[in-house]
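The block underneath contains the structure these notes are about, expressed in structure tokens.
The values are calculated or read from the model by the stated rules, or taken from the named source; none is laboratory data. Remember, it's a predicted structure, so these values are computed and weren't measured experimentally. We place every Cβ from the backbone using ideal geometry, glycine too, and count neighbours over all the protein chains shown. SASA here: full protein model, heavy atoms, side chains in, ligands and nucleic acids out. Shrake-Rupley method; radii C 1.70, N 1.55, O 1.52, S 1.80 Å.
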Amino acid sequence: MTALRRSTILGMAAVLLVAGKASARDFSIGGGISVTLDETWTGTSMQNPAMKFGGMKDMMDEATESRLRRPGTGVLVSYMKFKTDKPAKDIAIDDGANVVKAAKTIYGTQAAEEQPVPTIHRKGDTVRAYVTLHPRPGAGLNVAPGYPTGCVTTGTIRLGAAIHNVSIASESCESASHQQAVAAIFETGGQ
């Protein structure tokens, strides 16, 4: 085998290996946290317009809104860091109960789950809590205009007084894009 032919075969093998592997993208969702999703996702992040009002600046150090999209799935993240002198470990909140209460308040009449059970993950002072909801027959779960209505995973990521409110909306809870977003945001957790 000639050197040219061997290098051509090795080059083609490298291209096939790279092409077979999806490249990843990091998306900032506020508060120094990023999530990693595959290259088919797009995203934007901006300061929450409410931060232009004096009253909000008195209550919060930072507030952002992030939107991530992929065909069939959309993620909406609202991040708020409230002003406090308390360390994160001294702020006690029942994250699971709060997520269930919020989900029932927002989606209660449309959701098939009457008593959603939260999944909770703790790592140090960071708490991730979420529930996944399916629509009742003939209903849809509306996160925001233009988002799919077939499934919602909603929850929070909290470190003391810094809170991410997250809603992942998809055509189906079983879709690869929904599963990828849930894993990246709630299971694996952004860094």
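From (1) of a type outside the set (A, V, I, L, M); (2) open to solvent by 60 Å² or more (accessible area, probe 1.4 Å); (3) under 23 Å from residue 35 (Cα atoms), pick out the condition that doesn't hold for residue 66.
Among (1) of a type outside the set (A, V, I, L, M); (2) open to solvent by 60 Å² or more (accessible area, probe 1.4 Å); (3) under 23 Å from residue 35 (Cα atoms), the lone unmet condition for residue 66 is (2).
Scan the range 170-188 and give yes if some residue there is open to solvent by less than 40 Å² (accessible area, probe 1.4 Å), among the charged types (D, E, K, R) and at pLDDT below 95, otherwise no.
Taking every residue of the range 170-188 in turn, none turns out to be open to solvent by less than 40 Å² (accessible area, probe 1.4 Å), among the charged types (D, E, K, R) and at pLDDT below 95.
For residue 79, are the conditions met, namely being surrounded by 15 or more Cβ atoms within 10 Å (Cβ to Cβ), in contact with a Leu (Cβ under 8 Å, 6 or more places away or on another chain), closer than 28 Å to residue 135 by Cα and not basic (Lys, Arg)?
No; evaluated as a whole, the condition is false for this residue.
Do you know which residues across the range 149-191 are small (Gly, Ala, Ser), in contact (Cβ under 8 Å) with a residue 60 or more places away in the chain and over 27 Å from residue 86 (Cα atoms)?
167, 169, 170, 172, 175, 177, 181, 184
Mind counting the residues in the range 98-128 that are under 25 Å from residue 149 (Cα atoms), touching a residue at least 12 places away in the same chain (Cβ under 8 Å) and open to solvent by less than 80 Å² (accessible area, probe 1.4 Å)?
The number of residues fulfilling the criteria is 14.
Write out, first by first residue and then by second, each pair whose Cβ atoms fall under 9 Å of each other, whose residues are 6+ apart or on separate chains, and whose first residue, in the range 37-53, is touching a residue at least 12 places away in the same chain (Cβ under 8 Å) and under 18 Å from residue 75 (Cβ atoms) while the second is loosely packed, with under 15 Cβ neighbours inside 10 Å and of a type in the set (A, V, I, L, M, F, W, C).
37/24; 38/22; 38/24; 39/22; 39/24; 40/22; 48/56
Would you be able to say whether some residue in the range 105-113 is out of contact with any Leu (no Cβ under 9 Å at 6 or more places or on another chain) and among the charged types (D, E, K, R)?
Scanning the range 105-113, I find no residue that is out of contact with any Leu (no Cβ under 9 Å at 6 or more places or on another chain) and among the charged types (D, E, K, R), so the answer is no.
Does residue 127 satisfy the condition of being at pLDDT below 95 and either β-branched (Val, Ile, Thr) or more than 24 Å from residue 36 (Cα to Cα) (or both)?
yes
Let me confirm something: among 157, 163, 120, which residue is touching a Gly at 6+ places or on another chain (Cβ under 7 Å), over 15 Å from residue 68 (Cα atoms) and hydrophobic (A, V, I, L, M, F, W, C)? Show your work before the answer.
Values: 157 fails: touching a Gly at 6+ places or on another chain (Cβ under 7 Å); 163 fails: touching a Gly at 6+ places or on another chain (Cβ under 7 Å).
Exactly one of 157, 163, 120 is touching a Gly at 6+ places or on another chain (Cβ under 7 Å), over 15 Å from residue 68 (Cα atoms) and hydrophobic (A, V, I, L, M, F, W, C), namely 120.
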